[in-house]
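Novice: I have a structure here, written as structure tokens, and I will follow up with some questions on it.
The values are calculated or read from the model by the stated rules, or taken from the named source; none is laboratory data. Model, not experiment: these values are computed from the prediction. Positions of Cβ are generated from backbone atoms using ideal geometry, with glycine treated the same way; all protein chains shown enter the neighbour counts. The accessibility values were calculated without ligands, DNA or RNA, using every heavy atom of the protein model including side chains. Shrake-Rupley method; radii C 1.70, N 1.55, O 1.52, S 1.80 Å.
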Amino acid sequence: MRPTVAPYPTARFRRLRRTPALRALTRETHLSVDDLIWPVFVTGGKGQRVPVASMPGVERLSVDLVVKAAKKARDLGIPAICIFPYTQKSLRTEDCKEAWSPDNLSNQAIRAIKDAVPEIAVMTDVALDPYNANGHDGIVRNGEIVNDETVDALVKMALAQADAGADIIGPSDMMDGRIGAIRNALEADGRHNVALLSYTAKYASAFYGPFRDAVGASGALKGDKKTYQMDPANSDEALRLVERDLTEGADMVMVKPGMPYLDICRRVKDTFGVPTFAYQVSGEYAMIVAASQNGWVDGEYVMVESLQAFKRAGCDGILTYFAPRVAKLLNL
Ligand code: PBG
């Protein structure tokens, strides 16, 4: 006999929320230190620690201190560190040739870290903006960001990073064809083991503002990056880009920024099932820290909650400036 009246309430979801133990048992996703990539900013000199005004708690570090940071990351169990250079002004030129100098700041940092802490994976950024007189990710000719000439420059840059010992190369420039060109060049050079994490779905975003301060590119940047970074209104295009980058030889893909683009993360993971990363970018970090410093949100809780969102959206890992702070919490 079918009951004529459903029991009330029909389902008691609160049963499994009642205690920390029950919540732990039924948790669907897990944030772990294994998921973290820590982006760090490198500056010249020795013993240098320069705060980034728009990113409270983040500092540009000279190479010796970046090595210390890498040791700290290793001790916390963070698997990877990602290097971004603050290049001195005199080395920012129209031809961007500092980008592939074997001794540029970024390559010095890679070598120093791989020497001292070989077990941590070192990721790099491939784009010309830290070396470009005009702050763009590509070479500018008559006001236009030229694609193919930029790709040639990016290939030289990537090879120099591989030479320095980079484990993961991260092209963030959004030129067409750069993944294939870099992959072919690495293979031709016998560097079969260098992984490519493509900044595949990178949007033309205002959330990068504090980062451009951190690498000193904001003052220089003329115009915007909309002719090469994606339109924030698009989603299908991201899937076509992922397909293209995988075909060209990417091992992993990235969605960037993070929190405003969680729908893209989920679509990418569901469609391709490949290692998918999100970048919780500088502006996301700055918003959380600023609100927390004002006492408007519980900073620690929001930090963890914001990172759990990426796991829920299907991401395998997250680049986040919170990496050491959240690692400490997760290791408790
Ligand atoms: C450079 C690059 C940017 C970021 C990572 N690599 C900035 C940009 O494209 O303007 C942004 C990272 C962040 O905001 O945290 N191509």
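Novice: Those residues that are within 20 Å of ILE169 (Cα to Cα), open to solvent by less than 40 Å² (accessible area, probe 1.4 Å) and free of Cβ contacts under 8 Å to residues at least 40 places away in the same chain, I need them from region 240-295; list them, please.
Specialist: Passing the criteria: only VAL274.
Novice: Moving on. Can you tell which of ASP213, ASP236, ASP231 is open to solvent by 10 Å² or more (accessible area, probe 1.4 Å) and at pLDDT below 95?
Specialist: Going through ASP213, ASP236, ASP231 in turn, just one is open to solvent by 10 Å² or more (accessible area, probe 1.4 Å) and at pLDDT below 95: ASP213.
Novice: Oh, and also: Considering only residues that are among the basic types (Lys, Arg) and not in a helix (DSSP H, G or I), which ones fall in region 38-90?
Specialist: Matches in region 38-90: LYS46, ARG49, ARG60.
Novice: If you go through region 114-122 one residue at a time, do you hit one that is touching a strand residue (DSSP E or B) at 6+ places or on another chain (Cβ under 9 Å) and within 16 Å of the ligand (Cβ to nearest atom)?
Specialist: Yes; the residues of region 114-122 include at least one that is touching a strand residue (DSSP E or B) at 6+ places or on another chain (Cβ under 9 Å) and within 16 Å of the ligand (Cβ to nearest atom).
Novice: Among the residues in region 11-32, are any touching a residue at least 40 places away in the same chain (Cβ under 8 Å), in a loop (DSSP other than H, G, I, E, B) and touching a Ser or Thr at 6+ places or on another chain (Cβ under 9 Å)?
Specialist: No, there is no match, as no residue in region 11-32 is touching a residue at least 40 places away in the same chain (Cβ under 8 Å), in a loop (DSSP other than H, G, I, E, B) and touching a Ser or Thr at 6+ places or on another chain (Cβ under 9 Å).
Novice: Of all residues being in contact with an Asp or Glu (Cβ under 9 Å, 6 or more places away or on another chain) and away from the ligand (no atom under 13 Å from the Cβ) in region 185-199, which is most open to solvent (accessible area, probe 1.4 Å)? Just the residue, please.
Specialist: Filtering region 185-199 for residues that are in contact with an Asp or Glu (Cβ under 9 Å, 6 or more places away or on another chain) and away from the ligand (no atom under 13 Å from the Cβ), the one most open to solvent (accessible area, probe 1.4 Å) comes out as ASN193.
Novice: Can ALA127 be described as buried (at least 22 other Cβ atoms within 10 Å of the Cβ), within 17 Å of the chain's Cα centre (by Cα), over 27 Å from GLY249 (Cα atoms) and modelled with pLDDT of 95 or more?
Specialist: So ALA127 does not fit the description; no.
Novice: Just to be sure I understand, how many residues within region 61-90 are among the charged types (D, E, K, R) and either without any contact (Cβ under 8 Å) to a residue 40 or more places away in the chain or surrounded by 22 or more Cβ atoms within 10 Å (Cβ to Cβ) (or both)?
Specialist: Of the residues in region 61-90, 2 are among the charged types (D, E, K, R) and either without any contact (Cβ under 8 Å) to a residue 40 or more places away in the chain or surrounded by 22 or more Cβ atoms within 10 Å (Cβ to Cβ) (or both).
To keep it simple, each residue is scored yes or no on (1) acidic (Asp, Glu); (2) farther than 27 Å from GLY317 by Cβ; (3) touching a helix residue (DSSP H, G or I) at 6+ places or on another chain (Cβ under 9 Å); (4) surrounded by fewer than 24 Cβ atoms within 10 Å (Cβ to Cβ).
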site: GLU144; (1), (2), (3), (4): yes, yes, no, yes
site: ASP152; (1), (2), (3), (4): yes, yes, yes, yes
site: VAL155; (1), (2), (3), (4): no, no, yes, yes
site: GLN161; (1), (2), (3), (4): no, no, yes, no
site: GLY177; (1), (2), (3), (4): no, no, yes, yes
